[in-house]
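Below is a structure I'd like to ask you about.
The values are calculated or read from the model by the stated rules, or taken from the named source; none is laboratory data. On a predicted model such as this, the values are computed, not experimentally measured, just so you know. As a convention, Cβ positions derive from the backbone with ideal geometry for all residues, glycine included, and neighbour counts pool all protein chains shown. What goes into the accessible areas is simple: the full protein's heavy atoms, side chains included, and nothing from ligands, DNA or RNA. Shrake-Rupley method; radii C 1.70, N 1.55, O 1.52, S 1.80 Å.
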Amino acid sequence: MAADGRGQSSDRIFIRRVLIALGLFAFFFLTWELRGLVLMLFGAVVVATVFRAIADPIRRWTGVPEGISLAMAVLVVVAIIGAIGFLFGSQIGAQFQTLGATLPNAWEAFERRIGDMGFGDQLEELVAGGGGAGVLSAAGRMAMVVTGGIADTLVVIFGGIFLASQPRFYKSGAIKLIPPKRRELIADAMDHSERALRLWLKAQLISMTVVGTLTGLGLWLLGMPSALALGLIAFALEFIPFAGPILAAIPAVLIALLVGPEMALWVAGLYLLVQQLEGNVVYPLIQQWAVHVPAAVLLFALIGFGMLFGIIGIIFAAPLTVVTYVLVKRLYVQEALDTPTPMPGDDE
């Protein structure tokens, strides 16, 4: 009888382990199949973090309830965007129209210059793809993708507002899915991740503003057309590490080639100078908010997230890396390895 009892107990343990393994496999498989939705959820978390970063100071300064402070934060963001649109909307629109009309001619001029240098065939092979589709057709497909993503962007924004309206409710609900013995640890790790993400967003916004302003002003002083539009592109693409500044410089250099090689060199030098100022002057000034992720980790994370999730993975590569980096430090280095390591924001 005792042997039968032990046999039944072993069978139950085996079945339980098999069910756990199957459950984990199903979870990871479902997560992979819904990876686009998971990234949208993470984007909503980023949006919620932005709104909470604005709403929390408003609540502390005014003493209004949490819901009202969030509504005021949303109104602040809408007011800023509306003011920019009112003051510069027509000018920005006109410059982007000029940019769209100029870029095809700039690319053709670039192709002619490369052809005169004897590298025309190599350039054609480099940019060809999809049965001979060139850069402009690829840009058209990209524009369709961006246009089709407007609905997803709206979902992310409204999802972020919903998350920001009841952060403790959603956080406590997620923690309840964790075994009771680990809930305190997971809650602490989530707090560290939120703090790190908020600090990174603050530093990134300052860096993006500086880069966009200096780029637009520098291009205007050089006499470049569409300087404001190109500055806005530099501002937006600064969000993407490593690749963003290069992508922002490409249209400016192509347009500068229409003026002449000297202007192209001046424009390329401007973008290089702005990046040097950002890395050696601006970044040291915002180190109190910066999250120090090693450059090699960020570079390979950018490549990895791009391979896994495509363009949206590249866009969110930096904040995803920040959150993952902090979770690894808290859950693995500190907890599993029992090794002291500083966390972002601990010295505040």
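Report, by residue number, each residue of the range 255-296 that is under 19 Å from GLU238 (Cβ atoms) and either touching a Phe, Trp or Tyr at 6+ places or on another chain (Cβ under 8 Å) or among the charged types (D, E, K, R) (or both).
GLU278, TRP289, ALA290, VAL291, VAL293
Tell me, yes or no, whether the range 150-159 has at least one residue that is assigned to a helix (DSSP H, G or I), modelled with pLDDT under 90, open to solvent by 40 Å² or more (accessible area, probe 1.4 Å) and under 25 Å from PRO344 (Cβ atoms).
No, that holds for no residue.
Mind counting the residues in the range 297-312 that are surrounded by 15 or more Cβ atoms within 10 Å (Cβ to Cβ) and closer than 21 Å to PHE235 by Cβ?
Within the range 297-312, residues that are surrounded by 15 or more Cβ atoms within 10 Å (Cβ to Cβ) and closer than 21 Å to PHE235 by Cβ number 3.
Taking the criterion of being hydrophobic (A, V, I, L, M, F, W, C), within 25 Å of VAL253 (Cα to Cα) and crowded, with 16+ Cβ neighbours inside 10 Å, would at least one residue in the range 286-295 satisfy it? It would help to see each step written out before you state the result.
If we filter the range 286-295 for residues that are hydrophobic (A, V, I, L, M, F, W, C), which is where we start, we get 286, 289-291, 293, 295.
Those still in the list that are within 25 Å of VAL253 (Cα to Cα) too: none.
No, the conditions are met nowhere in the range 286-295.
Going through the range 217-246 one residue at a time, which ones are among the small types (Gly, Ala, Ser), more than 24 Å from ILE54 (Cα to Cα) and open to solvent by 30 Å² or more (accessible area, probe 1.4 Å)?
GLY223, ALA243
Report whether or not ALA94 is modelled with pLDDT of 85 or more and among the aliphatic types (A, V, I, L, M). Show your work before the answer.
Numbers: modelled with pLDDT of 85 or more: no; among the aliphatic types (A, V, I, L, M): yes.
Judged against the criteria, ALA94 is not a match.
Evaluate the range 326-345: report whether one residue or more is in contact with a Gly (Cβ under 8 Å, 6 or more places away or on another chain) and either more than 22 Å from LEU201 (Cβ to Cβ) or buried (at least 16 other Cβ atoms within 10 Å of the Cβ) (or both). I'd like the intermediate steps shown before the answer.
So in the range 326-345, the residues in contact with a Gly (Cβ under 8 Å, 6 or more places away or on another chain) come out as none.
Checked against the condition, which is being in contact with a Gly (Cβ under 8 Å, 6 or more places away or on another chain) and either more than 22 Å from LEU201 (Cβ to Cβ) or buried (at least 16 other Cβ atoms within 10 Å of the Cβ) (or both), the range 326-345 yields no hits at all.
Taking the range 61-88, which residues are loosely packed, with under 12 Cβ neighbours inside 10 Å and modelled with pLDDT under 80?
Matches in the range 61-88: ILE81, ALA83, PHE86, LEU87.
State all residues of the range 262-272 that are open to solvent by 30 Å² or more (accessible area, probe 1.4 Å) and in contact (Cβ under 8 Å) with a residue 24 or more places away in the chain; if no residue qualifies, say none.
Across the range 262-272, the qualifying residues are MET263, TRP266.
Given the conditions (1) outside any helix (DSSP H, G or I); (2) surrounded by 15 or more Cβ atoms within 10 Å (Cβ to Cβ), which single one is not true for ILE178?
The failed condition is (2).
From ILE54, ILE13, ILE58, which residue is in a helix (DSSP H, G or I) and either open to solvent by 60 Å² or more (accessible area, probe 1.4 Å) or modelled with pLDDT under 85 (or both)? Lay out the reasoning, then the answer.
On the way: ILE54 fails: either open to solvent by 60 Å² or more (accessible area, probe 1.4 Å) or modelled with pLDDT under 85 (or both); ILE58 fails: either open to solvent by 60 Å² or more (accessible area, probe 1.4 Å) or modelled with pLDDT under 85 (or both).
Result: ILE13 is the single residue among ILE54, ILE13, ILE58 that is in a helix (DSSP H, G or I) and either open to solvent by 60 Å² or more (accessible area, probe 1.4 Å) or modelled with pLDDT under 85 (or both).
Considering (1) part of a helix (DSSP H, G or I); (2) in contact (Cβ under 8 Å) with a residue 60 or more places away in the chain; (3) under 19 Å from PHE42 (Cα atoms), say which one THR324 fails and leave the rest.
Only one criterion in (1) part of a helix (DSSP H, G or I); (2) in contact (Cβ under 8 Å) with a residue 60 or more places away in the chain; (3) under 19 Å from PHE42 (Cα atoms) is unmet by THR324, namely (2).
Here's a follow-up. Return a yes/no flag: does the range 205-216 have any residue that is surrounded by fewer than 19 Cβ atoms within 10 Å (Cβ to Cβ) and either in contact with a Lys or Arg (Cβ under 8 Å, 6 or more places away or on another chain) or in contact (Cβ under 8 Å) with a residue 60 or more places away in the chain (or both).
Yes, the range 205-216 contains a residue that is surrounded by fewer than 19 Cβ atoms within 10 Å (Cβ to Cβ) and either in contact with a Lys or Arg (Cβ under 8 Å, 6 or more places away or on another chain) or in contact (Cβ under 8 Å) with a residue 60 or more places away in the chain (or both).
Right, another one. Any residue in the range 35-51 that's more than 14 Å from ALA196 (Cα to Cα) and open to solvent by 60 Å² or more (accessible area, probe 1.4 Å): show its pairings with residues that are in a helix (DSSP H, G or I) and of a type in the set (A, V, I, L, M) at Cβ separation under 8 Å, as long as the two are six or more apart or on different chains.
As it stands, the answer is ARG35/LEU308, since those pairs meet every condition given.
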